[in-house]
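Quick notes on the structure that follows.
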Amino acid sequence: MKPSPVKPEFFPLTPERWADFEMLFGPRGACGGCWCMLWRLSRKDFERGKGAGNRTAMHDLITAGTSPGILAYLDGEPVGWCAVAPREEYPGLDRSRLLKKLDDMPVWSISCLLVRKEFRRKGLSVALLRAAIEFVRERGGQVVEGYPVEPKKDEMPAVFAWTGLASAFVKTGFKECARRSATRPIMRYVIKKQSRG
């Protein structure tokens, strides 16, 4: 009899989990020293801080009490990350011709999805997206917005899919709201209010 697969667990990133975040992002800070600060900083500050500077900026954010996303764990080991925060915390999104605001609706943005290489293609992105929806729901948010990639070919290098793949968003129940480029839909998930019974 096969042992049942271990279910992932999800926790907000807090100062106590910083070492796990560092382990997941590795010495390169995930993608070229980004430390998930690309959308949070001006282009100039981001480029100047690549590596140690961006790492410090993220650490400062967390120690100041902000929880900028959730970590996924399997068997107590960090295996995935989803950055999710109110869109206004990501001023860089409005610098993007493709990702600028659709309307004045207050949305929470999923700006990054990272899954460790050996755990990819196992449904962890979908599980992370579901956990992100719960994270937003618990904080009173109503709409979650994502900016995934929909590749023209089946295979795409992971380095280009750091905002997630559209297929994972569709499986989670996100709906396409706009598409300013053939491969970059903007997708939303509307959180239904739970009835009190």
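The values are calculated or read from the model by the stated rules, or taken from the named source; none is laboratory data. Everything quoted here is computed from the prediction, not taken from an experiment. Reconstructed Cβ throughout: ideal geometry from the backbone, glycine too, with neighbour counts over all protein chains shown.
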| note | Matching residues in the stretch 14-31 (closer than 10 Å to residue 71 by Cβ and not in a helix (DSSP H, G or I)) number 1
| field | Residue satisfying condition, being modelled with pLDDT under 95, farther than 20 Å from residue 128 by Cβ and either acidic (Asp, Glu) or out of contact with any Pro (no Cβ under 7 Å at 6 or more places or on another chain) (or both), within set 29, 92 | value | 92
| message | If I filter the stretch 161-178 for residues that are modelled with pLDDT under 85 and on the phi < 0 side of the Ramachandran plot, do I get at least one hit? | response | yes
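Answer yes if at least one residue in the stretch 147-154 is over 19 Å from residue 39 (Cα atoms), at pLDDT below 90 and touching a helix residue (DSSP H, G or I) at 6+ places or on another chain (Cβ under 6 Å), and no otherwise.
Yes - at least one qualifying residue is present in the stretch 147-154.
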| said: Which condition from (1) within 25 Å of residue 8 (Cβ to Cβ); (2) in contact with a helix residue (DSSP H, G or I) (Cβ under 9 Å, 6 or more places away or on another chain); (3) of a type outside the set (Val, Ile, Thr); (4) in contact (Cβ under 8 Å) with a residue 40 or more places away in the chain is the one that residue 41 breaks? | reply: (1)
| message | Within the stretch 104-125, take every residue that is within 16 Å of residue 141 (Cα to Cα) and out of contact with any Lys or Arg (no Cβ under 9 Å at 6 or more places or on another chain) and give me the one that is modelled with the highest pLDDT. | response | 110
| said: If I ask for residues that are more than 15 Å from residue 130 (Cβ to Cβ), among the aliphatic types (A, V, I, L, M) and surrounded by fewer than 17 Cβ atoms within 10 Å (Cβ to Cβ), which ones from the stretch 172-194 would you list? | reply: 178, 182
| message | Here's a check for you: in the stretch 1-13, which residue that is touching a helix residue (DSSP H, G or I) at 6+ places or on another chain (Cβ under 7 Å) and in a loop (DSSP other than H, G, I, E, B) is modelled with the highest pLDDT? | response | 13
| In the stretch 32-62, which residues are at pLDDT 95 or above and either of a type in the set (Asp, Glu) or assigned to a strand (DSSP E or B) (or both)? | 60
| note | For the stretch 103-148 the number of residues that are more than 14 Å from the chain's Cα centre (by Cα) and surrounded by fewer than 16 Cβ atoms within 10 Å (Cβ to Cβ) is 14
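Taking residue 100 as the residue in question, decide whether it is at pLDDT below 90, loosely packed, with under 13 Cβ neighbours inside 10 Å and in contact with a helix residue (DSSP H, G or I) (Cβ under 8 Å, 6 or more places away or on another chain).
Here the answer is no, as residue 100 does not meet what is asked.
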| Checking residue 144 against (1) in a loop (DSSP other than H, G, I, E, B); (2) at pLDDT 95 or above, which single condition isn't satisfied? | (1)
| task | Starting from the stretch 68-79, keep only residues that are closer than 12 Å to residue 24 by Cα and of a type outside the set (D, E, K, R), then list their pairs with residues that are in a loop (DSSP other than H, G, I, E, B) and modelled with pLDDT of 95 or more whose Cβ atoms are within a distance under 6 Å, requiring at least 6 positions of separation or different chains. | result | 71/13
| Qualifying strands (runs of 3 or more DSSP E) (wholly inside the stretch 63-130; at least 1 residues being polar (S, T, N, Q)) | 108-115
